[in-house]
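Below is one structure, written out as structure tokens; comments come after it.
The values are calculated or read from the model by the stated rules, or taken from the named source; none is laboratory data. On a predicted model such as this, the values are computed, not experimentally measured, just so you know. For neighbour counting, all protein chains shown are included, and Cβ atoms are generated from backbone atoms with ideal geometry for every residue, glycine included. For accessibility, only protein heavy atoms count, side chains too; no ligands or nucleic acids. Shrake-Rupley method; radii C 1.70, N 1.55, O 1.52, S 1.80 Å.
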Amino acid sequence: MATIPTTEGKPIICKAAIQWELQKPCTIEKIEVAPPQAKEVRVRLVAAGICHSDLFIMDNGFLNAKLPAVPGHEGAGIVESVGPDVHSINPGDKVFTMFMPQCKECKECLDGRSNQCLDYWGDKNGKMARSIGYDGNPRFTLNGKPVYHMLGCSSFCEYVVIPENSCVKVNPRTPLETACILASGFSTGYGSSHNVVHIRPGDNVAVWGLGCVGLAAVAGCKDKEAGKIIGIDINSAKKEISHKLGCTDFINPQNLTDRKSVV
């Protein structure tokens, strides 16, 4: 019986979008992705979202992030292999990337009131802010030269090496093209209304803008048992989905003919 070739423990050559300069388009290149080291996993990415934060960083940079780099932080895929000392993730798991991981050891993680892990993001010397892996080196190379990570995820690549703590396992039945927005857009909106705003049952709330983040905020409001949930967007096509996710009312400001109350 023929042996099925395995990529475990070996470099992988794959395609990636690489940004060479700020405010310049990416180019598609074939890069080498190293095997995962201790506490790391390598993921075959299947789907990636484009968050506006990606576009902002590609124009303006971020902390001590280096170029050239592979952008992107909303990714979902299947774990290809894991490095030593990885305990919660296994090859074959469906996961999405998380750009705000926690070491669970620094004072911010142990405090419980912040997700601003000092080891990853606490200052300009955090690993993710410096675009590197645990050992101080990037996991991407092109023609033998380093290509750096962006936001610790670099989801605009077919394979990526990320910390175990940057992987969130999902139900095997979850479509990966849906799971990828959980990595940033959905979690940002849902968390803002569910965890930050302190909505009480019966409170009336309004959400301006019903894109991914706004619709997720609507879902958070519904789960907090808000009273009226008013969705506001200049795109009337958002009305149907906003009601499905929890809006009781929808307003398109461009359709208002006067300043009278409409809800």
> Rounded if a/c is under 1.5, else prolate if a/b beats b/c, else oblate: with a ≥ b ≥ c from the C-alpha gyration tensor eigenvalues square-rooted, which is the stretch 167-244?
Replying inline: oblate
> Can you give the charge dipole size of the chain about its Cα centre, rounded to the nearest 20 debye, using +1 on the beta carbon of Lys and Arg and -1 on the beta carbon of Asp and Glu?
Replying inline: 260 debye
> If the stretch 110-253 were replaced by its equivalent ellipsoid, with semi-axes equal to the square roots of 5 times the Cα gyration tensor eigenvalues, what would those be, largest first, whole Å?
Replying inline: 36, 18, 13
>> Using 22 Å as the Cα-Cα cut-off, could you pick out the over-long pairs in LYS30/LYS145; LYS169/LYS239; LYS66/LYS104; LYS24/LYS66; LYS169/LYS224?
In response: LYS169/LYS239; LYS66/LYS104; LYS169/LYS224
>> Given a 10 angstrom Cα cut-off, can you work out which residue in GLY227, GLY49, GLY189 is the most mobile in a GNM of the chain?
In response: GLY227
> What is the Cα coordinate range of the stretch 9-72 on the first, second and third principal axes, sorted by size from largest, in whole angstrom?
Replying inline: 36, 24, 22
> Averaged per residue, what accessible area in Å² does the chain show with a 1.4 Å probe, protein chains only?
Replying inline: 54 Å²
>> With n ≥ 4 as the cut-off for DSSP H runs, can you work out [θ] at 222 nm for the chain, using -39500 (n - 2.57) per run divided by the number of residues, rounded to the nearest 500?
In response: -4500 deg cm²/dmol
> In a Debye calculation with equal point scatterers on the alpha-carbon sites of the chain and no solvent, what is log10 I(q)/I(0) at q = 0.14 Å⁻¹?
Replying inline: -0.99
